[in-house]
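Bear in mind these aren't lab numbers, they're just calculated from the coordinates by the rules spelled out. Computed from a prediction, not measured in an experiment: that's the story for all the values here. Note that each Cβ is placed from the backbone with ideal geometry, even for glycine, and that neighbours are counted across all protein chains shown.
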Amino acid sequence: MAIRSSNKWVRPLVQTLHAYVPGEQPATRRLIKLNTNENPYPPSPKVLRAIKQAVDGRLRLYPSPDARALREALAEYHGCGVENIAVGNGSDEILALATRAFVEPLSSGRPADDGRSVIQYFWPSYSLYPVLTAIHGAQSNPVPLPPDFSLPTIAQLRRQKQWRFDAALTYITTPNAPGGRGYPTSELAALCRAQKGVVLLDEAYVDFARENAESLVRRFPHVLISRTFSKAYSLCFQRIGYCVGPESLINALHRIRDSYNVNGLGQVAAEATLKDLPYYRRGFEHILRTRQRVADSLSELGWSVYPSDTNFLLAVPPGRPASEWQEALRKERIVVRWFSAPEISRALRITVGSEPEMEEFLRVTSKLCKRFAQS
Ligand SMILES: *Cc1c(COP(=O)(O)O)cnc(C)c1O
């Protein structure tokens, strides 16, 4: 039986939206998956045991509505109080909550004179920000980064005139994605000091970087950081992210979130993760060594590789357009990410996988470099 359908009950704003486009999650396991920045190493055995031990008749019960035990463990980890932590269904949910808590939707689609409806971010950065802005009916202000993706100074932002110091909410991805560059805390501090609205520092990749900006949360009452267990802690499947910040901002997130927004097994997994951090730190060292090796090898093969403080490399391939390279790699069972946005369409984003995976990636890449040089 066909189900009849019509758009007429859907809000006009929602009719115009385009959903976020996630990287492909291929159904077959026979691929080398370097497209969504997952950690190539599994969660620690202790974490897997904790999850398995939590799977019994208690699944019928609701989990802690405010992820209490996990927030206590996170507060200890960050040296703050539980009132300074909110947990989300991935840090994506934290970003969505911040949008709803701190930004006025445009009334009848018209921009206000001040920045109360403005959501601001550098471009290129995380492509979820424009999607969240559109969903909320807010005004987006994507400000171009320089070609090397470094952070502009306050003076440059003033000269360039597009930056809004009065924006209600500014997202800064640090280290940045898909560029990969980490931003010095001193530069971020200058930017935070100059902003009137909330600044959310999205530190999804911070465990692979040399610096983190946690101290800014203590220095400024309008600054939040978001973190995730997805990338560095091998828990993408469990969807756990969180936010650290001043109590009044954190309370605002608590007031608008769903009552049971974080699933119970995810809470168990994240708590167990915090008890076994040395296991993960060994993994980070592996990934950083592999990152260096792959960057060096790609440079030797004629690729132009951006500096990275993350678990991925952005690199411009030689000989053929990046989109063609992506297809050629895919035929060899290697999946990498290509973005059509003009600022980055010359490059591929390559997740740093395990050592054997990257050996294979380099073998195939070197073969394709020769083939493309001949034809
Ligand atoms: C992956 C990612 C996130 C979201 O991660 P979750 O899985 O939702 O915790 C947030 N910001 C950036 C920049 C990311 O790359």
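Results, tabulated for the structure shown:
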| quantity | calculated |
| --- | --- |
| Nearest-20 debye value, the chain charge dipole, Cβ charges on Lys, Arg, Asp, Glu | 760 |
| Cα→Cβ-extended label distance, 7 Å offset, between S366 and L48, nm | 3.2 |
| Sum of -39500 (n - 2.57) over DSSP H runs of 4+, divided by residues of the chain (222 nm, nearest 500) | -11500 deg cm²/dmol |
| Order of S186, S308, S366 - criterion: other Cβ atoms within 10 Å of each residue's Cβ, fewest first | S186, S366, S308 |
| For segment 74-183: rounded, prolate or oblate by the Cα gyration tensor [a/c cutoff 1.5] | oblate |
| Inter-part distance where segment 181-224 and segment 236-298 are each reduced to a Cα centre, Å | 17 |
| Max mean-square fluctuation residue, GNM over the chain, Cα-Cα springs under 10 Å, options Q292, Q120, Q267 | Q292 |
| Residues of type aspartates and glutamates that K46 reaches as a straight line, Cα spacing below 18 Å, ignoring anything fewer than 8 places off in the same chain | D56, E271, D276 |
| Dipole of the chain [Lys/Arg +1, Asp/Glu -1 at C-beta], most positive-end residue of A204, S308, N37 | N37 |
| In segment 1-105, trypsin sites (Lys or Arg not before Pro) in a DSSP loop with at most 15 other beta-carbon atoms within 10 Å | R4, K8, R29, R30 |
| Hull shadow area, averaged, segment 122-207 [alpha-carbon convex hull, nm²] | 5.4 |
| Zero-based 20 Å bins, Cα pair distances in the chain, whole percents | 27, 56, 17, 0 |
| Net charge, G79 excluded, C-beta distance under 10 Å - Lys, Arg +1, Asp, Glu -1 | -1 |
| Charged-residue dipole, Cβ positions (Lys, Arg, Asp, Glu), segment 36-173 about Cα centre, Debye nearest 20 | 140 |
| Exceeding the 19 Å Cα-Cα cut-off - candidates K231/K367; K231/K275; K331/K370; K331/K367 | K231/K367 |
| Relative packing of 215-224, 237-246, 151-160, which averages over residues the other C-beta atoms within 10 Å, highest first | 237-246, 215-224, 151-160 |
| Residue-span extension gain [L288 to R158] - 0.36 nm each, minus C-alpha spacing | 43.2 nm |
| Mean projected area (nm²) of the alpha-carbon convex hull when segment 1-92 is viewed from all directions | 12.4 |
